[in-house]
Structure formats: structure tokens, C-alpha cells
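Here the structure is laid out as C-alpha cells; the discussion comes afterwards.
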Amino acid sequence: MSIPIIFIHQGWSRHLEYALLQARRSNPDSPIFVLGGQKTGGFQGVTLISYEGIFQSAADFAPLYRHLSAHAPHFELFCLQRWFILSSFLQKSGISRCFALDSDVLLFTEVTRDAERFSQCDLTHLSHTGPLNRFINSPATLAAFCDHITKSYTDNLESWIRWFAEAQARGVWGGVSDMTIFHDFRRQFPAGSPKFADLTLIRDGVAYDHSIHSPDGYKTRLRRKVIRWKGGAPQAFHLETQQWIGFYSIHFQGPSKPLMRAALNSNRQQWFEGAVQIEWNHFIARVRNRLRRWRQHF
């Protein structure tokens, strides 16, 4: 039986449509759910699940939340709440295995087939960050992670407040998030615990992308991994092994979302032009910010 692919998203967006389209292309037989989606955008075979009946645990967490991040409060809160939502959905639906996918990730593999490589672990993660696209083979371990989130904002809140203050003092961007809490959650278990597996590790010449912005040992250009297309599938050049590695997913984090359309079409020219346009926009934004700060002094 094909395992479900599950997105958790507030409302609707163009990049979610791209992610859904590619997920369906790569996984024609997998059920696809969007938890919290408000319309289908004309997609066939995508099931929308309202928050009704699966949001209570996320709502219960909200009053406990303490903002310890450089990101917007509503953004950071929802990033935490989504795991409560997913946990509740799995419990109510009786789904025992799934692949959870972020709405800015394009998937280039059939996850049911690839899931066999990770069938012995409870959860997969991406490098040190954790969430994003992951196999969930144990809803109980996901529920334990949700309990750990709650404990982080109750019993362990003071230690996280100190951690955030120290990070700010060092000039470290970010803060307390589902990623940092998941990293802390994994530390409860022995190193190399079979409960977890890192999808970014190269296995049989393929890997999952952590972030298009993060070098991760691959060749980069314009602050992004260099991607080539072979047979409609993406590859990145790994510097240590001097080999092209197949990517089963690409994470278009932050401002790189406009590149998703070019990736869908395997269009190298659109990809390059899009990357140049993004860098130009960044340059203009930096100039405007500096001018704004300069004017404040006069």
C-alpha cells in the first residue's frame, strides 16, 4: 500500500501548488492530504482536511508559547503547532506511516519505495534541523516529540530563555524553534540511535536536500547549490567525492521559492534567470535599508 504524503499549511499559496504538483508527479498512487488547506487549486486526488477536530492540542499549546526567536511570533508558533496538528490527524485517522512534506519542498522520488530504506527507524530528519520533509513510522514517537515541545515551554522554559539570551549575545540568528527543540529531543537517545535517520546523508548516490541555500559540501553559485537536471531529475555536485549526487527533494527555503517553477520544468535558463533576479532584489533591498539607516542620522 502506498504511504500518504501530508502537507500542513495555512490557507493556500502558489508554492504549495508547485509542491503538490511535483508530489503527485512523483507519487501517482500515494494519497495526498493538506491539513488546513482552503482550496484545491484544481488538483485532483488531493484531500483537504480542515482543522476542526485536529486542532485542539495545538490550541492548548498556544497559551504556553513564549516567543524566543528573531522570526515573527505567529510564524514560529505555527511551526510548533503543526506537529500537534499532524499528531492529532494521525491518531484520528489511524494512519501508522506517512511522509510529511513542507510546502516549499519539491519531491522527486516515490516515497513508498524509498521508505523501505528507513523502515527500521521511527522518524527521519534533515541534518541537524529535524522537521521539514520526513518519514514518520511511529506516531507514538511523534506524540512524544509534541510532549517534549510542551515541556520545553513549561518545565524547561528557563533553560531555553538562557539559551536564547546567550545566542543573541553571540549574534546568532534565529532562536528557539521546532528545529532546535527537535535537536534537543534527539539528544535524549544514544548517538546513532536507530529511532532516527538523517535523510541528507548520501546513500547509494542519492540524498534529500536540507536547503538550497545551505552548501552542505556541495558546489554552490549565487549562494545556492548548483543543480543540474538529468532525465528530469535534479543532481548536485558533491565536492568531497567529486561526484554528482541525485537529489530526491529540494528545499526552496525563504526567498528561493520563485525557483520552484523552473525546477518543475527542469528549465536551466529559467533557474539561472530566477536566481539572478533574486540576488538583484536582495541587493536593492540592502541598498534601501542602508539608505534608510543613513537618513535616520540626519
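What follows draws every value from the coordinates through simple rules; no lab data is involved. Model, not experiment: these values are computed from the prediction. Virtual Cβ from ideal backbone geometry, glycine too; neighbours counted across all protein chains shown.
Quick query: amide H of Ala197 versus all other amide H atoms, modeled in the peptide plane; which residues come in under 5 Å with a sequence gap of 5 or more or a different chain? When sequence neighbours closer than 5 places are left aside, the close amide H contacts are Leu123, Thr124, His125.
Looking at the chain alone, DSSP beta bridges between its own residues are antiparallel in about 55 percent of cases. Panel values: region 109-191, Kirkwood radius from alpha carbon pairs, Stokes-Einstein at 4 °C and 1.567 mPa s, translational diffusion coefficient 91 µm²/s.
Couplings 3J(HN,Hα) for region 204-216, derived from phi with the Karplus relation 6.51 cos²θ - 1.76 cosθ + 1.60 (θ = phi - 60°), are 6, x, 9, 7, 9, 7, 6, 6, 4, 7, 8, x, 6 Hz, where x marks Gly and Pro. Backbone geometry of region 223-229 corresponds, through the Karplus equation with coefficients 6.51, -1.76 and 1.60 at θ = phi - 60°, to 3J(HN,Hα) couplings of 6, 9, 4, 6, 10, 10, 10 Hz, x marking Gly and Pro.
Once backbone amide H atoms are built at 1.01 Å from N, Ser249 has Phe108, Asp209 as its partners under 5 Å, excluding neighbours fewer than 5 places away on the same chain. Amide H contacts of Gln10: none lie under 5 Å away among residues 5 or more positions distant or on a separate chain (H built 1.01 Å from N in the peptide plane; Pro and chain starts excluded).
Cross-link reach is defined here as a Cα-Cα straight distance under 29 Å, omitting same-chain residues fewer than 8 places apart; for Lys92 the lysines meeting it are Lys39, Lys151, Lys195.
Taking θ as phi - 60° and the Karplus parameters 6.51, -1.76 and 1.60, the scalar couplings of region 159-166 work out to 5, 6, 4, 5, 4, 5, 4, 5 Hz in sequence order, x denoting glycine and proline. Placing a label point 7 Å from the Cα of Arg221 along the Cα-to-Cβ direction, the residues of region 238-253 whose backbone N falls under 20 Å of that point are 238-247, 250-253. Between the listed residues His9, Cys146, Tyr218, the Cα displaced farthest toward the positive end of the dipole of the chain, a dipole computed from Cβ unit charges relative to the Cα centre, is found at Tyr218.
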